[in-house]
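Take a look at the structure below.
The values are calculated or read from the model by the stated rules, or taken from the named source; none is laboratory data. What you see is a predicted model; the values in this text were computed from it and never measured. A quick note on method: Cβ atoms are made from the backbone with ideal geometry, for glycine too, and the neighbour counts reach across all protein chains shown.
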Amino acid sequence: MNRIFFLLLFVLFTYTSETHAQTFLKVEGTRIVNGTGGNVLLRGMGLGGWMLQEGYMLRLQGANPQYVIKNRIKDLVGPEKTEQFYQGWLQNFITKADIDSMRAWGFNSVRLPMHYNLYTLPVEEEPDSTRQTWLSTGFALTDSLLSWCKANRMYLILDLHAAPGGQGNDVNISDRDTTKPSLWQSPAAQAKTIALWKKLAERYKDEPAIGAYDLLNEPNWGFVNPADRNGLNEPTNAPLRDLLVRITEAIRSVDQRHIIIIEGNGWGNNYRGIFPLWDKNTVISFHKYWNPNTPADIKHIIVTREQQQAPVWLGETGENSNTWFTGAVRLLEDANIGWSWWPLKKMGFNNPLEVPNNPGYQRLLDYWHGKTELRPTAGEAWAALSELVSATHIRKNRFCADVVDALFRQPYSVKAVPFAAHMAGEEDLLIPAVHYDLGRNGVAYSDADTGNYDYGKSPRSAGNRGRVYRNDGVDIYPDSTRPGEYYIGQMEAGEWLQYTVEVSEAGSYQFRIIGAGKSGSLALELDGKAIGETRPGKTEGVAGRWQTWPALDLRLTRGRHIFRVYVKQEGTEFKALSLRRLP
């Protein structure tokens, strides 16, 4: 995990301005400022999957709110083991090491997606309907997280991600049980939501490291027209505005200083009927996924900022390619809009940390998805789930250096940097094809399909179609013949990959491609000069999927050299390249 950290530690100096004691954040016109009036650009990450699991983060298909996931686990291992699983999950998934790492990478804030049921009982379980029962688990976890943030001079933003009853018809994001009244159908659930925010405000009113209170994540409900299930076209949003006002009043009865963050209907973006603002210390949040990164795509929120004379903040975005990430960060920061990416980690490749799968858990997935009728035994299921819990700890996560580089360095740099140290000399050098340099598309590599852009038509672009290992447009696939290894496929003519190599001994070298395919060809460019082509016609090496192609002879001086491998003709798969010094 530490292999590439040294390349990214510059962000501590480039992006860190909070070298003094933290002060309360506040609204000043259209800016978020600190206690001395300095502009604060929040660069944050949401801790999705910790307090609230979403099925897709665990590679579950379809609608899987957390209570369904929990019931599936309970069915296999029983209630006692299920409780142990969730205790271990909360202990392992986020630790101080995660927050320390985030700070080292360049983040200055953390968004905590809270599940209400860690702080208070569900409405239907309250022994006295006129009172709220408070639970210690959520508050203790929040206290620990706050202490880790304070130690790193980071701001913690509290986000009610799963409200009592559930705030929308997208049941995964709020763990909503549709057999029970929603937040909008239950006055008791609304009262509990208000009471929870007052309790949190009482607890943290004197904590400057609490950056803000994000009152209600992504409401999505059709109030006027139930057929508009997610409230995208809701014309008035009267119930939403009313609840947000009542929550604010409860908070302000005990806490006058912290910023209030509000989100519109339709997953945070429909503000019809919400304005005018009712509190002067309010930030307007919006969420952005999959749409292009042009000024036109954020014009509406900039117009809103000017009309309401209040700061705006991109409270949730991500889950796209590195090219998309870099474009979004530069677009936002040029407009002085802070951001919070989503999420820090999951079983997937397009976040800073990846939680690895295990064979036992894959068998659970196959059973749950109906791919096999063979039910795992309780012992098998528990072993798989225990390994999964262990894998959520940062020491077991795979660090995705390319994602962090895309968020912090690439928006402001057109240079490529090595993905890993490649040293050629006395020893033969073998470079996995997937270890091409870090950098923008057109700088470290060139690929025709750079990300998941939704233009409202099908098919959508996809970025990395193999969806493993790296998050650029390059199509990377797992090597089924060698577990834990990868190759590059779907290579189109004109695409290329760059590799930075340090040569310790000048001399004659042989350059070879390890690849597969019966047609196609790759060409080599060395330090900007074309060297020649190689193709899989006459291969050398052992029989099997991967073959060593005919060599190209090179003369290399001592020092740094830039290799580019170009696709001249489609039809090949690229596993590795090698450099061997000749006697």
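For region 433-473, a residue qualifies if it is in a loop (DSSP other than H, G, I, E, B), touching a strand residue (DSSP E or B) at 6+ places or on another chain (Cβ under 8 Å) and of a type in the set (Ser, Thr, Tyr), and the qualifying residues are Tyr436, Thr450, Tyr469.
Pick from Leu430, Leu365: which is farther than 29 Å from Phe107 by Cβ and part of a strand (DSSP E or B)? Show your work before the answer.
On the way: Leu365 fails: part of a strand (DSSP E or B).
After ruling out the rest, the residue left standing is Leu430.
Of all the criteria given as (1) assigned to a helix (DSSP H, G or I); (2) under 18 Å from the mean Cα position of the chain (by Cα), the one not satisfied by Gly44 is (1).
Among residues of region 322-334 that are part of a helix (DSSP H, G or I), those with a Cβ under 6 angstrom from a residue that is modelled with pLDDT under 95, sequence gap 6+ or separate chain, pair up as Thr323/Thr450; Thr323/Gly451; Trp324/Gly451.
Select, from Ile562, Ile488, the only residue that is crowded, with 20+ Cβ neighbours inside 10 Å, more than 12 Å from Ala424 (Cβ to Cβ) and touching a residue at least 60 places away in the same chain (Cβ under 8 Å). Walk me through how you get there before you give the answer.
On the way: Ile562 fails: crowded, with 20+ Cβ neighbours inside 10 Å.
From the options Ile562, Ile488, the qualifying one is Ile488.
Under 7 Å between Cβ atoms, at least 6 apart or on separate chains: pull out the pairs that start in region 566-579 with a residue that is among the small types (Gly, Ala, Ser) and end on any residue that is in a strand (DSSP E or B). Listed pairs, sorted by first residue: Ala576/Leu430; Ala576/Ile431; Ala576/Pro432; Ala576/Ile514; Ser578/Leu429; Ser578/Leu430; Ser578/Arg512; Ser578/Ile514.
Evaluating Val404 against the criteria (1) assigned to a helix (DSSP H, G or I); (2) β-branched (Val, Ile, Thr); (3) over 18 Å from the mean Cα position of the chain (by Cα) leaves one unmet condition, (3). Criterion applied to Gly268, Gly318 was being over 30 Å from Lys205 (Cα atoms) and under 23 Å from the mean Cα position of the chain (by Cα), and the one residue passing it is Gly318. Evaluate region 347-359: report whether one residue or more is under 29 Å from Arg111 (Cα atoms), in contact with a Lys or Arg (Cβ under 9 Å, 6 or more places away or on another chain), surrounded by fewer than 22 Cβ atoms within 10 Å (Cβ to Cβ) and modelled with pLDDT under 95. Within region 347-359 (the criterion being under 29 Å from Arg111 (Cα atoms), in contact with a Lys or Arg (Cβ under 9 Å, 6 or more places away or on another chain), surrounded by fewer than 22 Cβ atoms within 10 Å (Cβ to Cβ) and modelled with pLDDT under 95), the answer is yes, since at least one residue qualifies.
Assigned by TED's automatic domain parsing to the domain that holds Gly165, assigned to a helix (DSSP H, G or I), closer than 29 Å to Gly165 by Cβ and not aromatic (Phe, Trp, Tyr): does that describe Thr82? Answer is no for this residue.
Checking each residue of region 181-200 against the condition of being over 29 Å from the mean Cα position of the chain (by Cα), within 26 Å of Ile99 (Cα to Cα) and assigned by TED's automatic domain parsing to the domain that holds Leu314 gives at least one match.
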